[in-house]
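One structure below.
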Amino acid sequence: MASVKIRLTFPEDKIKEPIIYNIGHEFKVVTNIRRADVREKKGWVDLEVTGESSEIERVVESLKTKGVKVDPIEKNVIE
């Protein structure tokens, strides 16, 4: 099993969508919100995703397709 930490930045039109919830149902991964700041017009979430590497890659591509900006967290800033 692999585990990656990514920062998701949501555009205003995606703030109210249950995107992280849907990830857990569409893919064979476990999501863990480590930090977040979500407001009415913008938001970001530091998310840990655990699962098979290929499934994590599918998650990242799906997020990008939905218009969510995905950036790796290179330093361990959430522990």
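The values are calculated or read from the model by the stated rules, or taken from the named source; none is laboratory data. This is a predicted model, so every value here is computed, not measured. When we count neighbours, we look across all protein chains shown, and the Cβ atoms used for this are built from the backbone with ideal geometry, even at glycine. Just the protein is used for accessible areas: all its heavy atoms, side chains included, with ligands, DNA and RNA removed. Shrake-Rupley method; radii C 1.70, N 1.55, O 1.52, S 1.80 Å.
Here are some notes:
- Strands (runs of 3 or more DSSP E) wholly inside region 1-66 that include at least 1 residues being acidic (Asp, Glu): 29-38, 43-51
- Taking each residue of region 1-20 that is among the hydroxyl-bearing types (Ser, Thr, Tyr) and looking for partners that are open to solvent by 50 Å² or more (accessible area, probe 1.4 Å) and at pLDDT 95 or above with beta-carbon atoms closer than 8 Å, six or more apart or interchain, yields THR9/TRP44; THR9/LYS69; THR9/ASP71.
- Of the criteria (1) more than 17 Å from GLU61 (Cα to Cα); (2) surrounded by 13 or more Cβ atoms within 10 Å (Cβ to Cβ), which one ILE6 fails: (1)
- The number of residues in region 23-59 that are open to solvent by 30 Å² or more (accessible area, probe 1.4 Å) and of a type in the set (A, V, I, L, M) comes to 4.
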